[in-house]
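J.: Pasting in a structure now, in structure tokens, and then I'll have a few things to ask.
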Amino acid sequence: MNGPKPVNQRAWWLVLPVLVSVAFSAIIPLMTVVNYSVQDILGPTQRVFVGMEWFREVLRDSELHGALLRQLVFSGAVLLIEMPLGVALALAMPQSGWRASLALVLFAMPLLIPWNVVGTIWQIFARPDIGMLGHALTQLGFDYNYAQHSMDAWITVLLMDVWHWTSLVALLAYAGLRSIPEAYYQAAAIDGASRWAVFRHIELPRLRSVLMIAVLLRFMDSFMIYTEPFVLTGGGPGTATTFLSQYLTQKAVGQFDLGPAAAFSLVYFLIILLVCFMLYSFMKDIDTRESP
Amino acid sequence: MNEAPCSFHRGIDGMAQIQLIDLGHSYESRPASSRPARAHEADPWALKPMTMSWNDGGAYALLGPSGCGKTTLLNIISGLLQPTRGRILFDERDVTALPPESRNIAQVFQFPIVYDTMTVFENLAFPLRNRGWHAADIEQRVREISAILDLDADLGRRARGLSAEAKQKISLGRGLVRPDVAAVLFDEPLTVIDPHLKWLLRRKLKQIHQQLRLSLIYVTHDQTEALTFADRVVVMTHGEIVQVGTAEELFEVPEHRFVGEFIGSPGMNFLECAWDGNSARIEGIVIRTVSAMRPARQDSLAIGIRPEYVQIVPGPGPNCVPVHIVSVRDVGVSTMVALEVAGRSAWAKLRAPCALSASERTFAHFPPERCALYAGDRRVA
């Protein structure tokens, strides 16, 4: 043998279909947004290159800071409530028989309802004049009105999200629990482990990977939440429940500020990417620290 | 490993003779006795009512095919399962209603069970911590057990990264660490262990048994494992204990046709025979056996003889029947001869190489002291 073996490059053609579909579904749209974010679009044929101008404007925008802060608080609250509640529900769910099937169907129900329907349901349910929840609270003497009080709006939006999405966490955790072999529980019974020790040393470690997925899913979803608060409170009262997506939509569609909206989209995208990466590597880290 | 630490002298509460009294279990909610049985139904008893006792300090193997009720029996003894009927006594003390942690029993499962997030030390300490021991006592006790199991070097490591063999040792250690443990139950513990480590671990178990004088009950479906490990082998089939005996007894005197067929390779030959009022006959030839009693029933009688004891002889004689040789196979240490006797197939396992050839017609001699009469499934005494 002399010289390197000639390499057949024709296999690259096999990658082409994927490349084309990814280009049209992801790369080109993304690059369009990048393109917008560095130009001032004055008309269909008139555009000016403005460099980092829009990014600077967006990052200095105090309304955006407010929306980002609210968004972080909201996602944090969602995770803090839904994760423990979901796991607790999964632990309490029946393990077999018709009760288990019934519980699974009931738990899957909220997940099947379209976002805007969920928003509408709660919008009516929580109305102080005709809604069952709102009216009941008012009758009980609470000064409850989600359209007027920021706190009430927040509680209602959170309650709605918990109602809508806790079952996802519960179902994931339930599936994880069912995959734990019976022998682990038997060994723990012989070792005299308490219920808490069983949870802490058997169930929780074995749920780690599904819970990691649940945290990522719930974070990404709640961080991008749009429809439900839009239908329920419209972002109000004032801007009390205006989250990032809604603010972005207002900018892009409402005010037609394409440049700043594009710059904002990219920042938004990077924030989600960053936080997901941080969460993922944090949990991966726990994983590896516990192996030798 | 030379001397047993002094703390292993067990007190009175550590001794345990385990007695099962009329013990039975059914996985159905209502056992057969409480409702009329329907013909098409399978036998509802996973464990047919039985009475037997396990002596203190014995090494028992519970041998039987998959699904025969071995694990059910084991889980009832350890308390993981409540029997449908009957009682369990540990040294005359009724423990039927006690939960597993209140019985002085340890159990090792088919797959190694370790607490992943804990170190080896914490794993071994776990049962003691759950019982509220003081840290200093735990430390001392865990070190004693890890010395016996050769786990000293791994004590500080996470349990999850260890080999299956080491994990199985940890599972065992969590049982042994409790000083009151009188019996250790093993549920096919070597299933996931590499073959070359199996005998090492099995030897370790025997060593521990001799050192600590614990009762061991070892569930397996592997007859070699059962016969080499245990002093006494308990053979089960279809939820029933059919014989308890030493390896030799099971081989020489199978009390039940299942034992004859299950133990040995190939299993015992059972040849249908007729009863003339005084003796058993195959094709009209009188076959004398060790069975002195008259069979209680006249139907489904058979002569049982191990293939190892069948002799091929050239001509007729007492206890000789004409046979047709189907095939002859040299398997190294012995020669396997497939025979046809009175239309039934049988095996002969000959020690010496022989000059037989297939389709030959000759005679087989059944030495009377090696033959027994079986009526139905049971050996006739």
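J.: B:Val142 - would you say it is of a type in the set (Val, Ile, Thr), outside any helix (DSSP H, G or I) and within 14 Å of chain A (Cβ to nearest Cβ)?
T.: No; evaluated as a whole, the condition is false for this residue.
J.: Got a sec? Which of B:Ala338, B:Ala364, B:Ala346, B:Ala358 is of a type in the set (A, V, I, L, M, F, W, C), surrounded by fewer than 16 Cβ atoms within 10 Å (Cβ to Cβ) and touching a strand residue (DSSP E or B) at 6+ places or on another chain (Cβ under 9 Å)?
T.: B:Ala358
J.: Within segment B:217-230, identify whether any single residue is in a helix (DSSP H, G or I) and within 18 Å of B:Leu124 (Cβ to Cβ), and answer yes or no.
T.: No, segment B:217-230 contains no residue that is in a helix (DSSP H, G or I) and within 18 Å of B:Leu124 (Cβ to Cβ).
J.: So A:Glu182 fits all but one of (1) without any contact (Cβ under 8 Å) to a residue 60 or more places away in the chain; (2) touching a helix residue (DSSP H, G or I) at 6+ places or on another chain (Cβ under 8 Å); (3) under 30 Å from B:Gly173 (Cβ atoms); what number is the exception?
T.: (2)
J.: Please name all residue pairs, on different chains or six or more residues apart, with Cβ atoms under 7 Å, provided the first residue is in segment A:242-267 and is within 16 Å of A:Trp54 (Cα to Cα) and the second residue is of a type in the set (Asp, Glu).
T.: These pairs meet every condition: A:Tyr247/A:Glu63; A:Lys251/A:Asp257; A:Gly259/A:Asp40; A:Pro260/A:Glu57.
J.: Report yes if some residue within segment A:81-95 is β-branched (Val, Ile, Thr) and under 16 Å from the mean Cα position of the chain (by Cα); otherwise report no.
T.: yes
J.: Collect the residues in segment B:61-100 that are surrounded by 18 or more Cβ atoms within 10 Å (Cβ to Cβ) and either touching a Phe, Trp or Tyr at 6+ places or on another chain (Cβ under 6 Å) or free of Cβ contacts under 8 Å to residues at least 40 places away in the same chain (or both), keeping them in residue-number order.
T.: B:Ala61, B:Asn75, B:Gly79, B:Leu80, B:Val95, B:Pro100
J.: Step by step: first the residues of segment A:211-253, then only those that are of a type in the set (D, E, K, R) and within 17 Å of the chain's Cα centre (by Cα), then the one that is nearest to A:Lys284 (Cα to Cα). Which residue is that?
T.: The extreme case among them is A:Arg218.
J.: Which members of segment A:98-152 meet the condition of being surrounded by 15 or more Cβ atoms within 10 Å (Cβ to Cβ) and basic (Lys, Arg)?
T.: A:Arg127 - this is the single residue of segment A:98-152 that is surrounded by 15 or more Cβ atoms within 10 Å (Cβ to Cβ) and basic (Lys, Arg).
J.: Now for a different question. When only residues in segment A:175-184 that are within 26 Å of B:Val184 (Cβ to Cβ) and surrounded by fewer than 19 Cβ atoms within 10 Å (Cβ to Cβ) count, which is farthest from the other protein chains (Cβ to nearest Cβ)?
T.: For segment A:175-184, the residue satisfying everything is A:Ile180.
J.: Among the candidates B:Leu74, B:Leu81, B:Leu98, single out the residue that is in a helix (DSSP H, G or I) and under 19 Å from A:Gly192 (Cα atoms).
T.: Result of the check over B:Leu74, B:Leu81, B:Leu98: B:Leu74.
J.: Starting from segment B:282-307, take each residue that is in contact (Cβ under 8 Å) with a residue 24 or more places away in the chain and under 18 Å from B:Ser345 (Cα atoms) and list its partners that are outside any strand (DSSP E or B) and among the polar types (S, T, N, Q), counting only C-beta distances under 6 angstrom and pairs at least six apart or across chains.
T.: So the pair list comes out as B:Ile287/B:Asn319.
J.: Which pairs do you get when a residue that is within 7 Å of another protein chain (Cβ to nearest Cβ) and at pLDDT below 90, found in segment A:185-204, comes within reach of a residue that is outside any loop (DSSP other than H, G, I, E, B) and loosely packed, with under 14 Cβ neighbours inside 10 Å, reach meaning Cβ atoms under 9 angstrom, with the pair 6+ apart or on two chains?
T.: Final answer for the pair search is A:Gly192/B:Ser102.
J.: Let me confirm something: among B:Leu172, B:Leu201, B:Leu205, which residue is closer than 16 Å to B:Ala59 by Cα, at pLDDT 85 or above, part of a helix (DSSP H, G or I) and of a type in the set (A, V, I, L, M)?
T.: Answer to the check: B:Leu172.
J.: Output the residue which, of all residues in segment B:225-268 that are among the acidic types (Asp, Glu) and in contact with a Gly (Cβ under 7 Å, 6 or more places away or on another chain), is farthest from B:Arg213 (Cα to Cα).
T.: B:Glu261
The values are calculated or read from the model by the stated rules, or taken from the named source; none is laboratory data. Please read all numbers here as calculations on a predicted model, not as lab measurements. Note that we place each Cβ from the backbone using ideal geometry, even for glycine, and neighbour counts take in every protein chain shown.
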